[in-house]
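Peer 1: Pasting a structure here, questions to come.
All of the numbers you see were taken from the coordinates with simple rules; none came from a lab. Just so it is clear, the model here is predicted, and its values are computed rather than measured. With ideal geometry, Cβ positions are generated from the backbone for all residues, glycine too; neighbour counts draw on all protein chains shown.
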Amino acid sequence: MVLAAGRGQRMRPLTDHIPKPLLPVRGKPLLLWPLDALLACGVRRFVVNTAWLGDQIPPALAPWARSHPDIELLYSHEGADFGGALETAGGIARALPLLGDVFWVLAGDVFAPGFEFDPAAVERFAASGRLAHLWLVPNPAHNPTGDFGLNGQGLALNTREGTRWTFSTIALYRRALFETPWCGLAPGNPKGVAAPLAPLLRKAMDDGQVSAELYTGPWTDVGTPERLAELNDQGPLTGQAPAAPQTP
């Protein structure tokens with residue numbers, strides 16, 4: 001699942017007329033970078049949630065989907081169904097009927113061109129029995145104190161002490177995390193309740209149910225026009241995929 005429902009307030013005025021995940025980064029919409037990376041690692045079923053200017057996303061991704069006839073691209077239209085985004089946990093819970101028992105989730109506005117969605121990582125996580133596995137990154141300037149700790153046994157820690165790392169938004173989840181008793185939302189979130197993810201993760205961490213590892217490759221939370229401009233000023237990546245058709 002790739003999260004693409006946010007308003008992108010800090011990206012205004014760029015996001016006043018185009019959803020943030022469709023802003024171009026090095027020749028193609030930001031949202032296509034994780035979709036291409038997932039595809040390259042064997043993923044063939046994709047779920048994208050939408051809200052702000054969400055009607056633009058399906059036609060923008062349609063050429064990509066047509067060029068890969070063996071994939072399934074599904075949508076969870078939070079804006080059309082409920083009038084706005086449901087936050088991360090609410091959005092995942094809403095899309096749960098479209099997802100399997102174990103699934104990837106990442107934000108559509110994160111640029112991590114070197115990250116590999118390794119099928120072996122999925123197998124290890126599935127065998128672990130845990131509820132989530134997170135990839136943490138060194139703290140960027142805009143989040144200097146980090147989000148979660150990481151111990152020597154590979155468990156994510158709900159702590160405000162010691163070294164903490166920033167959650168990259170890239171994670172593997174077991175659907176049980178978004179069901180009772182962990183999550184208080186009704187199955188499929190039929191009422192469209194907005195709910196953040198962090199409290200759910202912290203609760204599971206306190207029970208030793210969340211593992212994590214550190215990722216030190218290129219990673220950018222494309223949260224401001226300045227960060228977007230910096231990425232585009234760096235020029236194309238070596239081995240970059242062909243540019244996708246751009247939306248008007």
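Peer 1: Expressed in nm to one decimal, what extension gain is obtained for the pair GLU123 and LYS191 from 0.36 nm per residue of sequence separation less their Cα-Cα distance?
Peer 2: 21.2 nm
Peer 1: Another question about this same structure. Taking segment 42-162, how much of its Cα-Cα pair set, in percent, is spaced more than 20 angstrom apart?
Peer 2: 58
Peer 1: Which percent, to the nearest 5, of DSSP beta bridges fully inside the chain are antiparallel?
Peer 2: The answer is about 50 percent antiparallel.
Peer 1: How large is the charge dipole for the chain, taken about the Cα centre, if only the Cβ atoms of Lys, Arg (+1) and Asp, Glu (-1) carry charge, to the nearest 20 debye?
Peer 2: Dipole size: approximately 220 debye.
Peer 1: Further question: Test of understanding: in a Gaussian network model of the chain with alpha carbons linked when under 10 Å, which of ILE92, ILE57, ILE71 would top the mean-square fluctuation ranking?
Peer 2: Comparing ILE92, ILE57, ILE71 in the GNM, the peak value goes to ILE71.
Peer 1: List the residues whose amide H sits under 5 Å from the amide H of TYR75, counting only those 5 or more places along or on another chain, with H placed 1.01 Å from N in the peptide plane.
Peer 2: VAL48
Peer 1: Most mobile of PRO19, PRO29, PRO199 per a Gaussian network model of the chain (Cα springs, under 10 Å)?
Peer 2: Looking only at PRO19, PRO29, PRO199, the largest GNM fluctuation is found for PRO199.
Peer 1: Give, in nm to one decimal, the length gained when the segment between GLU230 and LEU214 is fully stretched (0.36 nm per residue of separation minus the Cα-Cα distance).
Peer 2: 3.4 nm is the gain from fully extending GLU230 to LEU214.
Peer 1: Multiplying the sequence separation of ARG12 and VAL102 by 0.36 nm and subtracting their Cα-Cα distance, what value in nm do you get?
Peer 2: Length gained, ARG12 through VAL102: 28.9 nm.
Peer 1: Quick one: plug the Kirkwood hydrodynamic radius of the chain (C-alpha pairs) into Stokes-Einstein at 4 °C, 1.567 mPa s, and report D in µm²/s.
Peer 2: 70
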